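Data first, discussion second: the structure below is written as structure tokens.
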Ligand SMILES: C[S@@+](CC[C@H](N)C(=O)[O-])C[C@H]1O[C@@H](n2cnc3c(N)ncnc32)[C@H](O)[C@@H]1O
Ligand code: SF4
Ligand code: SF4
């Protein structure tokens, strides 16, 4: 482990003032148009950092003591050089994970991923479990079958502990979450449940008539989380999600810029996805979260805050890393 990262972790635990994690959107290009996503596609690959620039970025992050980077987008596998990007970060002893819809991963890339020491694995979006919802979600009734097939293949070739399923709970799929949870549990895969960010899209907002369904579902997930080890979220995050889905803000103190940072495809660095106004590489680690921030429940931010500020979440997370 990079020594600077270790020092940052200690400082983050004690003072909550050192970024340890970054989300890096390597591209905004995507091969899908999911119903829930408002991916602001600046689709010109010329706006994306090239490998040489990414090398400088990785060195810069290493110097700052960032030890874990999540690659998102867009769809990271739209970049044919994504494995080279993982290797650059590994060379700098920075652990990485890739968020993906699985639809553009080649066998050769899987083989290469297997061999990279600092590669944590894939976080795979699995949001639908029926033809009806798949049609609503992807405009393709069979796409969920393809994604399930890819998950099965990937869990054969990559180790199971290198796969985390990722499910956004919205009015589109709330009835299928029990099946999706059962799929993860029976296949011995970890799964993370995220609340939907409706962003003024009425179709994605839960109505008051759904609130009973929300309570029943989250009570089920929280009970499962107590008994088994397959749910990746902390119980605190699930409790917060239950309230958030009913329109109640998270109340979690946000540590954007203090514990985590966000990087755009052009290399712009900001405290979080909302604040991409910083001049490149003029990274100021102090949060400029404005008081009127509408709040968010993105787990890569909120779970890290939970981990560093809440003893119960801290010990729950440690327990989750101990094999069953
Ligand atoms: C923006 S995607 C990027 C990575 C990749 N393309 C994928 O779909 O996994 C990252 C995650 O954000 C989720 N997401 C997209 N729109 C969302 C929304 N409105 N609310 C909550 N999560 C959302 C996606 O489903 C996915 O799990
Ligand atoms: S695959 Fe990911 S980035 Fe692309 S539209 Fe769907 S959620 Fe958005
Ligand atoms: S959107 Fe707001 S709550 Fe979410 S990480 Fe950014 S500043 Fe924090």
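Determine which single condition residue 33 fails, assuming it passes every other condition in (1) within 10 Å of ligand 1 (Cβ to nearest atom); (2) assigned to a loop (DSSP other than H, G, I, E, B); (3) touching a helix residue (DSSP H, G or I) at 6+ places or on another chain (Cβ under 9 Å).
(1)
Condition first: within 16 Å of ligand 1 (Cβ to nearest atom) and in a strand (DSSP E or B). Now tell me which residues in the range 260-271 satisfy that.
260, 262, 263
Mind checking whether some residue in the range 218-229 is surrounded by 17 or more Cβ atoms within 10 Å (Cβ to Cβ) and in a loop (DSSP other than H, G, I, E, B)?
There is no residue in the range 218-229 that is surrounded by 17 or more Cβ atoms within 10 Å (Cβ to Cβ) and in a loop (DSSP other than H, G, I, E, B).
For the range 19-47, which positions are more than 11 Å from ligand 2 (Cβ to nearest atom) and closer than 27 Å to residue 8 by Cβ?
Those that are more than 11 Å from ligand 2 (Cβ to nearest atom) and closer than 27 Å to residue 8 by Cβ: 19, 20, 21, 22, 23, 24, 26.
What is the residue count in the range 31-48 for residues that are closer than 22 Å to residue 128 by Cβ and touching a residue at least 60 places away in the same chain (Cβ under 8 Å)?
Qualifying residue count for the region: 7.
Only one of 123, 130, 106 is more than 30 Å from residue 212 (Cβ to Cβ), surrounded by fewer than 17 Cβ atoms within 10 Å (Cβ to Cβ) and either over 20 Å from the mean Cα position of the chain (by Cα) or within 16 Å of ligand 1 (Cβ to nearest atom) (or both). Can you tell me which?
Result: 106 is the single residue among 123, 130, 106 that is more than 30 Å from residue 212 (Cβ to Cβ), surrounded by fewer than 17 Cβ atoms within 10 Å (Cβ to Cβ) and either over 20 Å from the mean Cα position of the chain (by Cα) or within 16 Å of ligand 1 (Cβ to nearest atom) (or both).
Restricting attention to the range 302-324, which residues are modelled with pLDDT of 75 or more and closer than 16 Å to residue 228 by Cβ?
Correct list: 316, 317.
All but one of (1) in contact with a strand residue (DSSP E or B) (Cβ under 7 Å, 6 or more places away or on another chain); (2) surrounded by fewer than 18 Cβ atoms within 10 Å (Cβ to Cβ); (3) not in a helix (DSSP H, G or I) hold for residue 90, so report the exception by its number.
Just one mismatch for residue 90, condition (3).
Could you tell me whether residue 232 is surrounded by 15 or more Cβ atoms within 10 Å (Cβ to Cβ) and either touching a helix residue (DSSP H, G or I) at 6+ places or on another chain (Cβ under 7 Å) or at negative phi (or both)?
Answer is yes for this residue.
Which one of these is touching a helix residue (DSSP H, G or I) at 6+ places or on another chain (Cβ under 8 Å) and part of a helix (DSSP H, G or I): 62, 141, 117?
62
Pull out all pairs, ordered by first then second residue, where Cβ-Cβ is under 8 Å, the residues are six or more apart or on different chains, the first lies in the range 1-25 and is in the same structural domain as residue 69 (by TED's automatic domain parsing) and assigned to a helix (DSSP H, G or I), and the second is exposed (fewer than 15 other Cβ atoms within 10 Å of the Cβ) and at pLDDT 85 or above.
Qualifying pairs under 8 Å: 4/63.
Restricting attention to the range 235-259, which residues are buried (at least 19 other Cβ atoms within 10 Å of the Cβ), assigned to a loop (DSSP other than H, G, I, E, B) and either at pLDDT 90 or above or on the phi > 0 side of the Ramachandran plot (or both)?
Within the range 235-259, 245, 257 qualify.
Could you give me the residue pairs with C-beta distances under 8 Å whose first residue belongs to the range 65-92 and is within 21 Å of residue 260 (Cβ to Cβ), whose second residue is within 12 Å of ligand 1 (Cβ to nearest atom) and in a helix (DSSP H, G or I) wherever it lies, and which are 6+ apart or on separate chains?
Within 8 Å, the pairs are 70/300; 71/82; 76/82.
Would you check which residues across the range 140-171 are within 12 Å of residue 130 (Cβ to Cβ) and surrounded by 20 or more Cβ atoms within 10 Å (Cβ to Cβ) and list them?
Residue satisfying the conditions is 144 alone.
The values are calculated or read from the model by the stated rules, or taken from the named source; none is laboratory data. Please read these numbers as outputs of a predicted model, since none were measured by experiment. Ideal geometry is used to build each Cβ from the backbone, glycine not excepted, and the neighbour counts take in all protein chains shown.
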